[in-house]
Amino acid sequence: MTAPSTASPDLDAYKNAALKTLQGNIDGLQAKRQEMKAAYIDPATKYVSSQAQSRPVATAFLSIFLASFLLLLGTFFAALCFTTFAVVAGGMSLGAVRLIVVLLRAPSLPEGLKTFQGEVSRTLAIPVSVNSSSVKTDTA
C-alpha cells in the first residue's frame, strides 16, 4: 500500500482551503488588534503625552523616581540570585567534601554511604525511614 502523493489534486484542494481559512483568521485578528489599539491604546497614549507635556517638572521627577526604583529592583534581584547561587554551591561543595571524607574513612563503600546518609538525615532533620526506602526489615 502506498501513501498518497502530496501533489494530488485532492490534497491541493484541502491545502488551499486550509490556507484561505488561516489567512481569514489572521486578517480577522489583525482587524481586531487595530480596533483595540484605536479604542484603548491610542487615547491612553494621547492622554499621557498631554499630561507629560503640560507638567514637565513632575514628569522629570517621576521618570527619575521610576528609573531609580527599577535600578534598585534590578540590583535586589541580582543580589538575590547571586546569594542563592552562592549558598547552594557552598552547600553542595561542603556535602561533596564531607562525602569524600566519610568514604575514605569507612571500611567499605556500603558502610560509608550508610554513614553519610545518616549524617545527612540528622543534619537536614529527615527521618531515616523516609530517606532510605530500600532498607529491609526482618519481621521474624
Quiz item: How long is the gain from T45 to L113 if the chain were fully straight, where each residue apart is worth 0.36 nm and the alpha carbon distance is subtracted?
Solution: 18.0 nm
Quiz item: Across 10 Å bins from 0, what is the distribution of all Cα-Cα pair distances for the stretch 16-131, in whole percents?
Solution: 11, 16, 13, 13, 13, 14, 16, 4, 0
Quiz item: Using 7 Å Cα-to-Cβ label points, what is the I26/C81 separation (nm, one decimal)?
Solution: 3.5
Practice problem: Just tell me which lysines come within less than 28 Å, Cα to Cα, of K114; anything on the same chain fewer than 8 places away is out. | Solution: K136
Quiz item: How about K46: which lysines have a C-alpha closer than 25 Å to its C-alpha, ignoring those fewer than 8 places off in the same chain?
Solution: K32, K37
Exercise. Using a Förster distance of 22 angstrom, determine the FRET efficiency expected from the C-beta separation of L104 and L124, and round it to 0.05.
Key: 0.50
Quiz item: Which aspartates and glutamates does K20 reach when only Cα atoms under 15 Å apart count, and residues fewer than 8 places away in its own chain are ignored?
Solution: D12
Quiz item: Which FRET efficiency value, to the nearest 0.05, do you get for I64 and R33 by plugging their Cβ-Cβ distance into 1/(1 + (r/R0)^6) with R0 = 35 Å?
Solution: 0.55
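Since every read-out is calculated from the coordinates, none of them should be taken as a lab result. Remember, it's a predicted structure, so these values are computed and weren't measured experimentally. Cβ atoms come from the backbone with ideal geometry, glycine included; neighbour counts cover every protein chain shown.
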